[in-house]
Amino acid sequence: MSGFGMEGIVHAFGGQPVVAGATLDVKRGELACLLGPSGCGKTTLLRLAAGLERLQRGRVVIDGEVVANAADGRHVPPEKRRVGLMFQDYALFPHLTLAENIRFGLDKASAAPAFRVEEAMERVGLAPFAEAYPHTLSGGQQQRVALLRVLAPGPRVLLLDEPFSDLDVNRRVQVRESTLELLKESGAATLMVTHDPEEAMFMADRILVMNGGRIVQSGSPFDTYFHPADAFVTELFGPVNRLPGVVRGHAVETPLGRFEAPGIADGIPVDVLVRVEGLVVGADGAADGAPPVAARIVSSRLLGRSSHLSLRVPAGNGEEIALQCRVPGILPLHPGETVQIGVDRGQSFVFPA
């Protein structure tokens, strides 16, 4: 296989399982994002791929070459794998200038003799700082130095561990685009770890969602967002409204109307998950023609480009259920007012409870 793969990886620390049978592959020129919460095993997978940890079970393959195999003890050392690893804290050498940091690891036998440090620094706006030291740079500049350093030797595989986590929100958006361009031009198989779903959506050709040491879904950003495999994947991409119910006649009735439940047997308890942006305020009705539902405004908060609403909807027996809604722009709504709401069925999902 041209690219990078990990097969049946199982790993534990002190008897505590961290990775529980993870399998993944990344093709040459592809950027895959390993997305999941803290502690799910993402960074451990990166360290195993780079050779910083010895495999306990499974194997690692790069461009058809088995570089690690727990079954026979094979373990190609990190420096022989042609893998570029970019750490979360960038790990720049404080006693070296920027140019020296980028040249670190380059030699006459480099696999990428065409890499020109000066040209690369010019391209990312670092040329004026070639002789400066890391501590004099901003976080965004340090990130670019670290990226050029891992690209310089022409690695077959790039492994990036939360590369934007130390940047403020505005700088992060700016740096992502230039980073993506450089990564794509490198032609390497790139695996990037992140816990930020928006970052994964922006950067990835394919998202690998990880939970409890396993890859629970692999797909394009579109498929992962609009066709989540389960409730965990759905909630990973933002808050949801959760409506419990029981399947009757291949559907479930809720205070927001009837939702189809294909593939789930009658009598099974389920949760209907509706994203906060999936509630449509002032709707004439849902896309499937369902009538709108009256909701009482509890609070309205402006978030800049959008507004956040807390709502109450009758649930029967004199009770109400609480809902959260996010709508674009500013809505002149006040507590106590009643609005009509509908549901965007493309933003709602039914899973066994």
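Values in this text are rule-based calculations from the coordinates and carry no lab data. Note that the coordinates shown come from a computational prediction; the quantities given were computed from them, not determined experimentally. Here Cβ is always computed from backbone atoms with ideal geometry, including for glycine, and neighbour counts include all displayed protein chains.
Things to note:
- Semi-axis lengths, Å, segment 3-233, gyration tensor of Cα atoms, sqrt of 5 times eigenvalues: 29, 21, 16
- Between Gln88 and Ala290, the distance separating the two model label sites (each 7 Å from Cα on the Cα→Cβ line) works out to 4.0 nm.
- Extension gain (nm, one decimal) between Arg47 and Ala12, 0.36 nm per residue minus Cα-Cα: 11.3 nm
- Global size of segment 240-352 as Cα Rg and Dmax, reported in angstrom: 14.2, 44
- Taking the charge dipole of the chain about its Cα centre, with +1 at Lys and Arg Cβ atoms and -1 at Asp and Glu Cβ atoms, the residue from Ala152, Ala290, Ala188 reaching farthest to the positive side is Ala152.
- Helix 139-151 and the longest principal axis of the C-alpha atoms of the chain enclose an angle of approximately 60°.
- Note on segment 3-233: with charges restricted to the Cβ of Lys and Arg (+1) and Asp and Glu (-1), its dipole about the Cα centre is near 600 debye.
- If you plug the beta carbon distance of Glu198 and Ile268 into 1/(1 + (r/R0)^6) with R0 = 56 Å, you get a FRET efficiency near 0.95.
- Placing +1 on the Cβ of every Lys and Arg and -1 on the Cβ of every Asp and Glu, with nothing else charged, gives segment 240-352 a dipole about its Cα centre of roughly 340 debye.
- Dipole of the chain, positive direction: furthest Cα of Val10, Ile215, Pro228, with charges on the beta-carbon: Val10
- Using the Cβ-Cβ distance between Arg54 and Ser138 with R0 = 30 Å, the FRET efficiency computed as 1/(1 + (r/R0)^6) comes to roughly 0.20.
- Stretch gain in nm, segment His95-Glu65, where the contour uses 0.36 nm per residue and the Cα spacing is subtracted: 7.2 nm
- Computed lengthening from His250 to Glu131, 0.36 nm per intervening residue step minus Cα-Cα distance: 36.1 nm
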